[in-house]
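Undergrad: Shown below is the structure under consideration.
The values are calculated or read from the model by the stated rules, or taken from the named source; none is laboratory data. Owing to the predicted nature of the structure, the values given are computational and were not obtained by experimental measurement. Note: ideal-geometry Cβ built from the backbone for every residue, glycine included; neighbour counts use all protein chains shown.
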């Protein structure tokens, strides 16, 4: 009799070990845990899955641990049926930052509260702005949203404290906003821009002092983040202040007139869009290297193919009850990104919020004089003289669709001032 025996060895991970079973990190710090796998059978490699028991305290990605807030979390590595854990303790960490660059912008009484507003960037020398105003490089910056007296247009010596109300010699606390699927930091905050991850410290308390240092300034202070980090910082040097309140006088040479009818269904007024373009603008596609002024005009219901003579004042608010004849619609953006109302489009896009336009028609020629402002008092003014090509969209599929969309979006829109995207070159956060 012949007997045959074969060994039965299961293909599996027999053991997983980590290089650390317990580590401590300061808030904002990172570390890497390495997993080593032992196998039996014919397999030689399996993926490792990483999890954290408290993602608000510790996040883990492929073994890279990031400490977010004070506390303790268990990081688990799993491969096959085997697991191994590491206890991560996160403690408060004091941070000391010395900045070497400073850039400020003056916005005037941006919020209409009786104080002037400045935004101040203090940056590491490894960071800079490109020609589009976007931050480039890796490193730390401090963004301060500060307020000075109406008589001031730059930093003044003194002590600045944090405050929810925008009074002189204060700075505004930080916060986060959700925009188009990302989380951004706004208000006063410290940002660490990494190669793959941006970490923000949202500032909720603190102070700083400003003193003259020769021709420049010395700024130093102590800030407290929402995660109770104490951040000491300093800067010494010149500060360039850019005046963001400018005047725009576009050279407009051609124009179109779109008739939409009672597009907002108010039974109070008909609606027109006036498109004025500079020489290099293709008016058929509204594109090209140049400038475009858009005026959304409300006329009496009896008017269907021209703009009557008169002064057209900007509506007081984006509400349907203000859609009266002889008014202009303030600029607003729909949730789908469409721009309605009055806009200047050139090197910048300016939603025009206040002002007026005067129309005078002689034969087929219009003279349109306009004086309007955006929310930070940038002035857009000038005079257009010429004809307007006429297009009737009141009964077209385009016009019907616009009627539904624009009425819905007008009711949702807000003309309140916003600093989220245009004021701060925001960096999306992977976590905060």
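Undergrad: Could you say which residue among 35, 29 is closer than 13 Å to residue 89 by Cβ, surrounded by 14 or more Cβ atoms within 10 Å (Cβ to Cβ) and in the same structural domain as residue 68 (by TED's automatic domain parsing)?
TA: 29
Undergrad: Can you find a residue in the stretch 320-334 that is more than 30 Å from the chain's Cα centre (by Cα), assigned to a loop (DSSP other than H, G, I, E, B), assigned by TED's automatic domain parsing to the domain that holds residue 308 and in contact (Cβ under 8 Å) with a residue 40 or more places away in the chain?
TA: There is at least one residue in the stretch 320-334 that is more than 30 Å from the chain's Cα centre (by Cα), assigned to a loop (DSSP other than H, G, I, E, B), assigned by TED's automatic domain parsing to the domain that holds residue 308 and in contact (Cβ under 8 Å) with a residue 40 or more places away in the chain.
Undergrad: Would you mind listing the strands (runs of 3 or more DSSP E) fully within the stretch 50-145 where at least 3 residues are assigned by TED's automatic domain parsing to the domain that holds residue 347, modelled with pLDDT under 90 and touching a helix residue (DSSP H, G or I) at 6+ places or on another chain (Cβ under 8 Å)?
TA: Passing ranges: none, list empty.
Undergrad: Collect the residues in the stretch 38-50 that are surrounded by 14 or more Cβ atoms within 10 Å (Cβ to Cβ) and within 37 Å of the chain's Cα centre (by Cα), keeping them in residue-number order.
TA: 48, 50
Residue by residue, here is whether (1) buried (at least 20 other Cβ atoms within 10 Å of the Cβ); (2) under 27 Å from residue 128 (Cβ atoms); (3) in the same structural domain as residue 239 (by TED's automatic domain parsing); (4) in contact (Cβ under 8 Å) with a residue 60 or more places away in the chain holds:
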| site | (1), (2), (3), (4) |
| --- | --- |
| 163 | no, no, yes, no |
| 166 | yes, no, yes, no |
| 171 | yes, yes, yes, no |
| 177 | no, yes, yes, yes |
| 183 | no, yes, yes, yes |
| 186 | yes, yes, yes, yes |
| 190 | yes, yes, yes, yes |
| 195 | no, yes, yes, no |
| 199 | yes, yes, yes, yes |
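Undergrad: So which residues in the stretch 311-344 are loosely packed, with under 15 Cβ neighbours inside 10 Å and on the phi > 0 side of the Ramachandran plot?
TA: 337
Undergrad: How about the stretch 256-280: which of its residues are over 14 Å from residue 387 (Cα atoms) and outside any loop (DSSP other than H, G, I, E, B)?
TA: Within the stretch 256-280, 259, 260, 261, 270, 271, 272, 273 qualify.
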